[in-house]
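Okay, so here's the structure we're looking at.
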Amino acid sequence: MLQIKNLVVSVEGKKILKGLNLEIRAGEIHAIMGANGSGKSTLAHLLAGKEGYEVESGEITYQGMNLLELDPEIRARAGVFLAFQYPLELPGVSLNYFLRTSLNSVRAHRNLEPLGVREFNDLLKERAKALELDPDLLQRSVNEGFSGGEKKRNEILQMAILEPQLAILDETDSGLDIDALRVVASGVNKLRAKDRSFLVITHYQRLLNYIIPDYVHVMLDGKIVRSGGKELAFELEQKGYGWIAES
Amino acid sequence: MQENSDIIGEVTSQDYKYGFETLIESDCAPVGLNEEIIALISERKQEPAFLLDFRIKAFRTWKNLTEPSWAFVKYPPIDYQAISYYSAPKNHKPLNSLEEVDPEILKTYERLGIPLNEQKVLAGVAVDAVFDSVSVYTTFKETLAKAGVIFCPFSEAAREHPELIKRYLGSVVPYSDNFFAALNSAVFTDGSFCYVPRGVRCPLELSTYFRINAKNTGQFERTLIIADEGSYVSYMEGCTAPKRDENQLHAAVVELVALEKAQIKYSTIQNWYPGDKDGKGGIYNFVTKRGLCAGPDSKISWTQVETGSAITWKYPSCILKGDRSVGEFYSVAITNHKQQADTGTKMIHIGKDTKSTIVSKGISAGEGQNSYRGLVKILKSATNARNFSQCDSMLIGDNCGTHTFPYIETKNPTATVEHEASTSKIGEDQLFYCNQRGLSTEDAVSMIVHGFCKEVLGELPMEFVLEARKLLEVSLEGSVG
């Protein structure tokens, strides 16, 4: 699904990723943990195609394609989804319309017929209900006036609608209370599938109690310094990131 | 972030697609402005004597006026003696049917997407088309005549309904009003006239398309709409021009009169040639538009989508004289490349319980400069007058500007005046968010801009919403960069 080899990336002349390697196979859930400033969010943004990052060396292959050559909208249509840490507000653009346009652009890429208004509304209502999202929000402007938790759940709703192949969750747990966390995690778990992979970026082990990863990677200063199974997350929680740095 | 700037640039730099020229012979007056030229215009139009008199008075007043300089726009001095003030397609004679219209002109209108034919019946639109200075054809005269509605070229109205023209011309915008209104009053060549009789709801949307075609000509049209007691009319104008390297002047005057309980809805989609990317060429759009709510419970509503012109100087206004009369102004103005717009409205409250609403959306991209200028004036007599103003600006890119100049004068303590303003910027992060959901940058900009303008577009007649949406997209193509 995704192979990252020896990736070196800088932002405004400063090296952020310093030789990162990662392989994610179809159906796997990988978690990346790390302290602030270790380069986790840079990796997420880079995979989604955000401008402003300079790839000095290394390569990223996604489903056999050179990911770095694709425009962000093409990556999205090809199944790369990023759940934003700070979702953006789009005043005056209704969530319903936004998401329908979005889904139909993804469907067009997959040579599927666009979904009509009624079919789409049914789908949206059903998925929103599963995430305990107030149906009124669907008619409101995208993220405008949404609470922090609503914004995060909205990201998961979008993921549930777009059904990506590679979903990257960037600190989706930050700012969520325990109930919201459960709802979000169950939304993610429902989407687990043989042909769908997840990259879960988080600062805390807490989220991984609900979304059980196949692999946990620890990132430090732009590199993955340790990889292991889900038990690595518990170890980290107990010993702190300092333990990795020292060892 | 360099790459992102390029994207914004690409999205807002698309070409003007109405920039073609129609090759037809035209009958053009020599350049220059003097009383002989004015007499020539009046004679060509076979006008009654009072009109020539009006023109000459206006011309003498104009000579003593100075061009206004308070607007937030910059342009080199205009040589008013270098303009031809009359241009008409040759062999222009009164037309009885569409077959008699020069096929070249019809082709032009087709390319503009104005089917001057029965198709418009379905849409319920009656069209008058003004080509350079002369009205070419007015469709659906009969349907309108049955309802008693007069909708015809201004020059025809001057000949056939002189009593109405004499009574109302200059009653809302006197020839001495301002420099450009005086110039227009002296040299106006054609335009549309509409009279809706008492109690009649006009059965069709009325529409006029203005097209400047000939070189070195100015277009000075005059529009006069009178809605008699208890009547209703919705009128829509659209405008385009060919691409030219030199600037062309457009100085129109529009007067609206709404009598007791009458309603006028006036919509504009202005798409004059804006000049090229470097600011070469384009129309100077210096227009005076004003409506008088003369009777109690009358209502005048202006809606404008301004995407064209090198410079726009325009303030559609309402004089709320009748008690409980209502004035509305809904505006979207876009400036891209080197376009400049100074636009807004004046709401003059005279009657009791009068109400006005102003919703202005300014969008600036490229190196565009966009100013909102508005006056809300509440006179002593206007007890319980209310105004609500909302002025929002949106910036696309880092090299454009937006400015708001609201003026409020209240002479009556019972008045309620509210003003809200906001400025936002289409951010790279917003665009990335949309890209990440599979939307192209063009679609993302268009979606955000439409969201921003939603309230105003919703005021347009249904038939024109689609046209306006398309125009917004085209005007902003190449703006993200």
(request) For B:S371, state whether it is of a type outside the set (F, W, Y) and either within 14 Å of chain A (Cβ to nearest Cβ) or more than 25 Å from the chain's Cα centre (by Cα) (or both). (result) no
(request) Answer with yes or no whether A:P91 is of a type outside the set (F, W, Y), at the interface with another protein chain (Cβ under 8 Å from one of its Cβ atoms), open to solvent by 40 Å² or more (accessible area, probe 1.4 Å) and under 25 Å from A:P135 (Cβ atoms). (result) yes
(request) Collect the residues in segment A:69-86 that are assigned to a helix (DSSP H, G or I) and either modelled with pLDDT under 95 or more than 7 Å from every other protein chain (Cβ to nearest Cβ) (or both), keeping them in residue-number order. (result) A:E69, A:I74, A:R75
(message) Suppose we keep only residues that are at pLDDT 80 or above and of a type in the set (A, V, I, L, M, F, W, C) within segment A:227-247. Which one would you say is most open to solvent (accessible area, probe 1.4 Å)?
(response) A:F234
(message) Here are the criteria: (1) open to solvent by 10 Å² or more (accessible area, probe 1.4 Å); (2) β-branched (V, I, T); (3) within 14 Å of chain B (Cβ to nearest Cβ). Tell me which single one A:V117 does not satisfy.
(response) (3)
(request) State whether one or more residues within segment A:33-41 are more than 30 Å from A:L115 (Cβ to Cβ), among the polar types (S, T, N, Q) and within 14 Å of chain B (Cβ to nearest Cβ). (result) yes
(message) Could you check segment B:42-66 and list, in sequence order, the residues that are outside any helix (DSSP H, G or I) and open to solvent by less than 60 Å² (accessible area, probe 1.4 Å)?
(response) B:K45, B:E47, B:P48, B:L65
(message) Which residue is nearest to the other protein chains (Cβ to nearest Cβ), if the candidates are limited to segment B:443-456 and must be touching a residue at least 60 places away in the same chain (Cβ under 8 Å) and surrounded by 19 or more Cβ atoms within 10 Å (Cβ to Cβ)?
(response) B:F452
(message) If I filter segment B:266-305 down to residues being out of contact with any Lys or Arg (no Cβ under 6 Å at 6 or more places or on another chain) and of a type in the set (S, T, Y), which single residue comes out as farthest from B:L471 (Cα to Cα)?
(response) B:S298
(request) Quickly run through segment B:404-442 and pick out the residues that are of a type in the set (K, R), farther than 19 Å from B:T335 by Cα and more than 10 Å from chain A (Cβ to nearest Cβ). (result) B:K411
(request) Determine, yes or no, whether B:G308 is in a loop (DSSP other than H, G, I, E, B) and at pLDDT below 90. (result) yes
(request) Assess whether A:E28 counts as being open to solvent by less than 40 Å² (accessible area, probe 1.4 Å), among the charged types (D, E, K, R), more than 12 Å from chain B (Cβ to nearest Cβ) and within 17 Å of the chain's Cα centre (by Cα). (result) yes
(request) Go through A:D177, A:D214 for me and flag whichever is more than 23 Å from A:K18 (Cα to Cα), of a type outside the set (A, V, I, L, M, F, W, C) and out of contact with any Asp or Glu (no Cβ under 9 Å at 6 or more places or on another chain). (result) A:D177
(request) Specify which of the listed residues (A:G58, A:G64) is closer than 17 Å to A:N21 by Cα, more than 14 Å from chain B (Cβ to nearest Cβ), in contact with a Leu (Cβ under 9 Å, 6 or more places away or on another chain) and not aromatic (F, W, Y). (result) A:G58
(request) Check A:R110, A:R140 and return the single one that is within 11 Å of chain B (Cβ to nearest Cβ) and either open to solvent by less than 20 Å² (accessible area, probe 1.4 Å) or modelled with pLDDT under 95 (or both). (result) A:R110
(message) Just to verify a result, which residue in segment A:43-74, among those that are open to solvent by 40 Å² or more (accessible area, probe 1.4 Å) and at positive phi, is farthest from the chain's Cα centre (by Cα)?
(response) A:G64
(message) With the requirement that a residue be closer than 12 Å to B:L375 by Cα, open to solvent by 30 Å² or more (accessible area, probe 1.4 Å) and not aromatic (F, W, Y), what does segment B:386-428 give you?
(response) B:T404, B:P406, B:I408, B:E409, B:T410, B:V417, B:H419
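The values are calculated or read from the model by the stated rules, or taken from the named source; none is laboratory data. Since the model is a prediction, treat every value here as computed from it, not as a measurement. All Cβ positions, glycine included, derive from the backbone under ideal geometry; neighbour counts span all protein chains shown. Surface accessibility is based on the protein's heavy atoms, side chains included, excluding ligands, DNA and RNA. Shrake-Rupley method; radii C 1.70, N 1.55, O 1.52, S 1.80 Å.
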